[in-house]
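Below is one structure, written out as structure tokens, with a few remarks after it.
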Amino acid sequence: NADAAMYRAKEFGRDNFQFYAPEFNLSAHEKFVLQEELRNALARSEFALLYQPQVDLRSGRVFAVEALIRWNHPALGVVAPASFIPMAEETGLIVPIGDWALHEACRQNMAWQDAGLPPMTVCVNVSARQFRERNLVGRVVNALRDSGLEARYLELEVTESLIMQDIELAVATMNELQSLGVQISIDDFGTGYSSLSALKTFPVARLKIDKSFINDVADNENDQAVASAVISLGQKLNMRVIAEGVETDDQVAFLLKNNCDEMQGYHFSKPVSARDIEKLLNQKD
Ligand code: C2E
Ligand code: MG
Ligand code: MG
Ligand code: MG
């Protein structure tokens, strides 16, 4: 049909499907079709979560996994979040989709614990629109109650730019979440612009150094300066610091030398299914 043909025409590569990149001009009709499909995707159970381990750099222990959403589109196959989260944000669909992700991540983490895996934290990404919703805290409470997961095993990842949109509101919401026992981390740190004086007032457990600083950290002196500064800044503010997008031995060596706490990236594991997390953790002990 015509819509399937449109998708094929716009496909750039199997694992790299970008029909909603900003540089891509969708016609009003194309946009409409995608929005309708996105609107129906929840009811059709087309979303899934993959999980990527987060590892303690020194012990190698997996202490957390990050939940990363995928859209299993009937015609397109697996669609990465970069291709639909912006549209979900624009339309407000991110609110029910994000709520689904929160519930599913909590349910899965409880299921792992019930299966006898050592308890770990599940980290869920929260976007600006979700964070601005009045009842985010209520949604979190519901997800914990429905799953039976203890709050300390849930962490929400927010970005600097989200916090900076309205610092007072963000800090108030983060404080409420923290008083429930839920942890907060700042994602993609270094790419937004935090006011450093505000940073110390954030009830944040961890900073995630953005992978753009990690890519060339083995060779690039500027990236080394930024990465090591973020590591000491975070630690001086009593936060733990995790490096994102760690792929090579040289990057690991740099992070160890600079006393980084934790890492996440293809070096240890790509994002994988819940079942594969279970296999991976059973192998490692
Ligand atoms: P993020 O939260 O910064 O997630 C990290 C991204 O880096 C993920 O991309 C992950 O697959 C990728 N990654 C991890 N390790 C490596 C590595 O070693 N090398 C490389 N090249 N990439 C690595 P992904 O899964 O495509 O997610 C992209 C973004 O979409 C996320 O960035 C997050 O901002 C957003 N997102 C994902 N799931 C959700 C969700 O459930 N809700 C919301 N609101 N946003 C989500
Ligand atoms: Mg994240
Ligand atoms: Mg990130
Ligand atoms: Mg990122």
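The values are calculated or read from the model by the stated rules, or taken from the named source; none is laboratory data. None of the values given here were measured: they were computed from a predicted structure. A quick note on method: Cβ atoms are made from the backbone with ideal geometry, for glycine too, and the neighbour counts reach across all protein chains shown. We work out accessible area using only protein heavy atoms, side chains counted, and drop any ligands, DNA or RNA first. Shrake-Rupley method; radii C 1.70, N 1.55, O 1.52, S 1.80 Å.
Does anyone have the angle between helix 28-41 and the longest principal axis of the chain? Alpha-carbon axes, 0 to 90°, nearest 10?
In the chain, helix 28-41 runs at an angle near 70 degrees to the longest axis.
Roughly how many Å² is the accessible area per residue of region 150-285, as a whole number, for a 1.4 Å probe?
Using a 1.4 Å probe on heavy atoms only, each residue of region 150-285 averages 49 Å².
Using the C-alpha atoms of region 228-285, what convex hull volume per residue, in cubic angstrom, is computed?
Cα-based convex hull of region 228-285, divided per residue, equals 100 Å³.
Please report, in debye to the nearest 20, how large the charge dipole of the chain is about its Cα centre when each Lys and Arg carries +1 at its beta carbon and each Asp and Glu carries -1 there.
It works out to roughly 580 debye.
Once both axes come from the Cα atoms, what is the angle between helix 221-236 and the longest principal axis of the chain, in degrees from 0 to 90, rounded to 10?
Relative to the chain, helix 221-236 is tipped by roughly 70 degrees.
For 191, 248, give me the order by solvent-accessible area with a 1.4 Å probe, most accessible first, ignoring ligands, DNA and RNA.
191, 248
At 7 Å along Cα-to-Cβ for each site, give me the label-to-label distance between residue 169 and residue 275 in nm.
Calculated label separation equals 4.2 nm.
What whole-number distance in Å separates the alpha-carbon centres of region 184-200 and region 225-285?
18
On the accessible surface of region 214-285, probed at 1.4 Å, how many percent belong to carbon and sulfur atoms?
After summing per-atom areas, the C and S share lands at 43 percent.
Which value in deg cm²/dmol, rounded to the nearest 500, describes the helix-derived mean residue ellipticity at 222 nm for the chain, given -39,500 (n - 2.57) per DSSP H run of n ≥ 4 and division by the residue count?
Helix contribution divided over all residues of the chain: -13500 deg cm²/dmol.
For residue 39 and residue 80 in one chain, what is 0.36 nm times their gap in residues minus the Cα-Cα distance, to one decimal in nm?
Full-extension gain reported as 13.1 nm.
Over region 135-285, how many percent of alpha carbon pairs lie in each 5 Å bin up to the one with the longest distance?
2, 9, 16, 19, 18, 16, 12, 7, 2, 0
How long is the gain from residue 249 to residue 72 if the chain were fully straight, where each residue apart is worth 0.36 nm and the alpha carbon distance is subtracted?
Here the answer is 60.4 nm.
Against the globular-protein guess of 2.2 N^0.38 Å, express the Cα radius of gyration of the chain as a ratio, rounded to two decimals.
1.02
For the pairs 211/279; 31/211; 211/270, note any where the Cα-Cα span goes beyond 21 Å.
211/279; 31/211
Could you tell me the convex hull volume per residue, in Å³, taken over the Cα atoms of region 85-150?
Here the figure is 75 Å³ per residue.
When all alpha-carbon pairs of region 163-203 are counted, what percent fall beyond 16 Å?
32
Determine the sum of side-chain charges near residue 237: Lys and Arg each +1, Asp and Glu each -1, restricted to other residues whose C-beta is under 15 angstrom from that of residue 237.
+3
Check residue 121: other-chain or 5+ apart residues with amide H under 5 Å from its amide H, H built from backbone geometry?
64, 65
Suppose R0 equals 30 Å; then what is the FRET efficiency for residue 193 and residue 137 from their Cβ-Cβ distance, rounded to the nearest 0.05?
Calculated transfer efficiency: 0.70.
Taking the chain as the reference, fit the longest principal axis to its C-alpha atoms, fit the long axis of helix 167-180 to the helix C-alpha atoms, and give the angle between the two in degrees, 0 to 90, nearest 10.
80
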